[in-house]
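The values are calculated or read from the model by the stated rules, or taken from the named source; none is laboratory data. These numbers were taken from a predicted model, which means no experiment stands behind them. Here the Cβ positions follow ideal geometry from the backbone for every residue, glycine too, while neighbour counts run over all protein chains shown.
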Amino acid sequence: MAKLRVSSFGLSLDGYGAGPNQDLQNPLGVRGPELAAWFFPTRTFQKMFGQGDGETGTDNAMAEQGMAGIGAWILGRNMFGPIRGPWPDDNWKGWWGEEPPYHTPVFVLTHHARAPIRMKGGTEFRFVTEGIGAALERARAAAGDRDIRIGGGVATIRQYLRAGLIDELHLALRPVLLGAGEHLWHDLDLGDYECVESLPGERAMHIILRKRAPQTRSPATSRTG
Ligand SMILES: NC(=O)c1ccc[n+]([C@@H]2O[C@H](COP(=O)([O-])OP(=O)(O)OC[C@H]3O[C@@H](n4cnc5c(N)ncnc54)[C@H](OP(=O)(O)O)[C@@H]3O)[C@@H](O)[C@H]2O)c1
């Protein structure tokens, strides 16, 4: 069955998925690129952005897996760009140029309505103002039997986690401490997940968390209400 998954999500040891002070110069926040330093050298990333061959190895294999079998993406508005509040105009079309690497419908959560944007290569950004349930429903309809990937950022993943809707998360744990930024785990109960794989890569430790079958959560940690 099609999964709702997070893949290749770079995380610091202290749990941050983005640095503080995101803006046009710092899309990932200050020091955020340290979270993606495992991804940039991979063949997967280099092929997407057309520079050089890139490295093969475990990091690349994990990045490649993350891109396979996806029929739709869900993003938060902060991942889509640096603009906050009402859209001043229709000029901003994402960080990724004329041909973004998604090649599917991409549902962007926002409180500020905007017409869809069709890009080269099959990516279409569709803005969703009715919340995470509506975005997921539309993504499922678009994806058919393929998976839906939540691309981030942190606030978006957190909402789907809190709602218990994510089937699988692949985290690329980086050996850095950010101390500030967007924290992935704060105040979340992850007792419904288990770690099914941990695999050392060249620049990150790859951790796969999977949602447990409903009856397998231990009574000692079960929610009581
Ligand atoms: N570590 C990684 O691998 C990784 C991966 C992806 C992204 N990132 C980084 O994560 C950062 C972005 O994360 P973030 O936590 O700041 O924000 P985000 O999740 O990308 O976006 C949050 C924004 O999306 C809109 N939104 C979210 N949920 C909504 C809902 N239910 N209904 C309506 N609108 C909703 C709101 O924007 P409005 O109210 O303004 O419309 C909200 O402020 C960026 O720096 C990005 O580069 C990191």
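Residues that are farther than 21 Å from Gly76 by Cα and buried (at least 17 other Cβ atoms within 10 Å of the Cβ): does region 160-171 have at least one?
Filtering region 160-171 down to residues farther than 21 Å from Gly76 by Cα leaves none.
So far as region 160-171 goes, no, none of its residues is farther than 21 Å from Gly76 by Cα and buried (at least 17 other Cβ atoms within 10 Å of the Cβ).
So, of the residues in region 1-45 that are more than 8 Å from the ligand (Cβ to nearest atom) and of a type in the set (Gly, Ala, Ser), which turns out to be surrounded by the most Cβ atoms within 10 Å (Cβ to Cβ)?
Ser12
Select from region 12-71 the residues that are of a type in the set (Lys, Arg) and either farther than 26 Å from Lys120 by Cβ or in contact (Cβ under 8 Å) with a residue 40 or more places away in the chain (or both) and list them in ascending order. I'd like the intermediate steps shown before the answer.
Pass one, region 12-71, residues of a type in the set (Lys, Arg): 31, 43, 47.
Selection gives Arg31 alone.
Would you tally the residues in region 118-131 being in contact (Cβ under 8 Å) with a residue 12 or more places away in the chain, surrounded by fewer than 18 Cβ atoms within 10 Å (Cβ to Cβ) and either of a type outside the set (Val, Ile, Thr) or more than 13 Å from the ligand (Cβ to nearest atom) (or both)? Don't jump to the end; show me each part of the working.
Let us first name the residues in region 118-131 that are in contact (Cβ under 8 Å) with a residue 12 or more places away in the chain, namely 119-129, 131.
With surrounded by fewer than 18 Cβ atoms within 10 Å (Cβ to Cβ) added as a condition, the list becomes 120-122, 124, 129, 131.
When the remaining residues are screened for being either of a type outside the set (Val, Ile, Thr) or more than 13 Å from the ligand (Cβ to nearest atom) (or both), the result is 120-122, 124, 131.
Within region 118-131, residues that are in contact (Cβ under 8 Å) with a residue 12 or more places away in the chain, surrounded by fewer than 18 Cβ atoms within 10 Å (Cβ to Cβ) and either of a type outside the set (Val, Ile, Thr) or more than 13 Å from the ligand (Cβ to nearest atom) (or both) number 5.
For region 137-157, give me the residue count where each residue is within 11 Å of the chain's Cα centre (by Cα) and either at pLDDT below 95 or surrounded by 20 or more Cβ atoms within 10 Å (Cβ to Cβ) (or both).
Initially, region 137-157 is screened for residues within 11 Å of the chain's Cα centre (by Cα), giving 148-157.
Narrowing further to those that are either at pLDDT below 95 or surrounded by 20 or more Cβ atoms within 10 Å (Cβ to Cβ) (or both): 148-154, 156-157.
Here the count works out to 9.
Quick check on my filter: what residues within region 55-87 are near the ligand (Cβ under 10 Å from one of its atoms), touching a helix residue (DSSP H, G or I) at 6+ places or on another chain (Cβ under 9 Å) and not small (Gly, Ala, Ser)?
Result: Ile74, Leu75, Arg77, Asn78, Met79, Ile83, Arg84.
When you scan region 88-110, do you find a residue that is assigned to a loop (DSSP other than H, G, I, E, B), among the basic types (Lys, Arg) and within 13 Å of the ligand (Cβ to nearest atom), even just one? Lay out the reasoning, then the answer.
So the first thing to find is which residues in region 88-110 are assigned to a loop (DSSP other than H, G, I, E, B), and the list is 88-104, 110.
Still in the running and among the basic types (Lys, Arg): 93.
Now restrict to residues that are within 13 Å of the ligand (Cβ to nearest atom): none.
Taking every residue of region 88-110 in turn, none turns out to be assigned to a loop (DSSP other than H, G, I, E, B), among the basic types (Lys, Arg) and within 13 Å of the ligand (Cβ to nearest atom).
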